[in-house]
Amino acid sequence: RRSSVRRSLAPATAAAAGGAGGAGSAATPASVAATPPPPGTPASVASASGAAGSSGTPGISASSSGGDGGHVKVVCRFRPQNAKEKARSGKMCVQFSTDKERRGCQVPLDDSGGVLKFNFDRVFDPDTTQQEVYDVAARSVVDSLFDGYNGTIFAYGQTSAGKTFTMSGPDVDHPVLRGVIPRMVATVFETIEEADENIEFTVTVSMVEIYQERIRDLLDPAKDNLAIKEEKDGTETNIYIAGVTEVFVTEPQHIYDVLKAGASSRAVASTAMNDESSRSHSVFMLTLAQVNAETGNSKSGKLYLVDLAGSEKVRKTGAEGQALKEAMKINSSLSALGNVINALTDGK
């Protein structure tokens, strides 16, 4: 390990305004020729307006302030059919473009002969690998992070669409099936290892969930109603979560342990559409600070990686009691996020 990486404590592991990816430039993952997810595994990531399909469509949006030019990228990922859909003889109702760019998809309308067409920065079909999604959607956001910019990536879609699979994967240690977050972590430390030896890096991470409109610290669950604060620093306004646990990390495995600890504390429940339905929005935050030992120059950037809870139709999920209350809060918050995105793209 590089001596310039500051060592501290060992740790315990897609909602951004304006798309998936880093702050300012959105990114969506692209997979290389690795083993595809097993049948029934959700594999969709997409934008706030994913195309409809029997397998569901989550959206990933990425944005970052630099590198990519400060824009938002939106991609749409379709997962394979799950066991229930296959048992009902379900069929994929989406047709994918076959050109090199792979930006479009369409849904034929029954009997009328018409089609609904959708365009994104990239469309990933059910055979897309985790690596490909990462390379296309998220990799460039890490470059912006090292340039001192913030970045955000979030996954959006209906329940059981594959958002958590895309963002975290079934196992953060799995070399093929791990998701966007563990892959970004690995890239961050690979970049640190290759950096100028005069640069000293400090990496800290935090993880929270937004459950029924309360912010809960997933690394210290006793902190279950954290407040968002605003602080003026000259001409800049900094927004932060007061009292959130920050863990200093020195290697990827430390962060993987943090991810596992956070995931084990997250609120989940079984519904008719998903045996492990996320009942909260999770936000993983990574801060990278750099100091040049020769010049004294410093800069920092922050990643916000968000796995949103899925939108729900109660008649499909069968939610009742506490799960119904959770669904109402989830849908309400996603509607608010949609309003924010529409306002940002309004041009007024």
FRET efficiency for Thr235 and Ser335, Cβ-Cβ distance as r, R0 = 51 Å, nearest 0.05?
0.95
Only Lys, Arg (+1) and Asp, Glu (-1) charged, at Cβ; region 192-239 dipole about Cα centre in debye:
520 debye
Table column - 3J(HN,Hα) (Hz), region 295-309, Karplus curve with 6.51, -1.76, 1.60, x for Gly and Pro
9, x, 5, 9, 7, 8, x, 9, 9, 10, 10, 10, 10, 6, 5
For Phe124, enumerate residues with amide H under 5 Å from its amide H, sequence gap 5+ or separate chain, H modeled in the peptide plane.
Cys76, Arg77, Phe78
Listed by chain and number, the lysines with an alpha carbon less than 20 angstrom from that of Lys73, same-chain partners under 8 positions apart left out, are Lys100, Lys117, Lys163, Lys302
Calculate, in nm to one decimal, what Asp147 and Asn198 gain on full extension: separation in residues at 0.36 nm each, minus their alpha carbon distance.
16.8 nm
Loop sites in region 80-137: GluC sites (Glu not before Pro), DSSP, at most 11 other Cβ within 10 Å:
Glu101
Region 132-140 - phi-based ³J(HN,Hα) in whole Hz, Karplus 6.51/-1.76/1.60, Gly and Pro as x
5, 4, 5, 4, 7, 9, 10, 4, 5
Of Pro252, Ile215, Ala289, farthest towards positive along the dipole that unit charges on Lys, Arg, Asp, Glu beta carbons give region 184-306
Ile215
In region 165-228, which GluC sites (Glu not before Pro) are in a loop and have at most 14 other Cβ atoms within 10 Å, using DSSP for the loop call?
Glu197, Glu213
Apportionment of accessible area to carbon and sulfur, region 68-208, percent (1.4 Å):
45 percent
Cα-projected label distance for Gln95 with Ser300, points at 7 Å along beta-carbon direction, nm:
5.3 nm
Which of the listed residues, Gly148, Pro170, Asn198, is farthest toward the dipole's positive end in region 142-200, when Lys, Arg count +1 and Asp, Glu count -1 at the beta-carbon?
Pro170
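The values are calculated or read from the model by the stated rules, or taken from the named source; none is laboratory data. These numbers were taken from a predicted model, which means no experiment stands behind them. Note that we place each Cβ from the backbone using ideal geometry, even for glycine, and neighbour counts take in every protein chain shown. The area values use the complete protein model at the heavy-atom level, side chains included, leaving out ligands, DNA and RNA. Shrake-Rupley method; radii C 1.70, N 1.55, O 1.52, S 1.80 Å.
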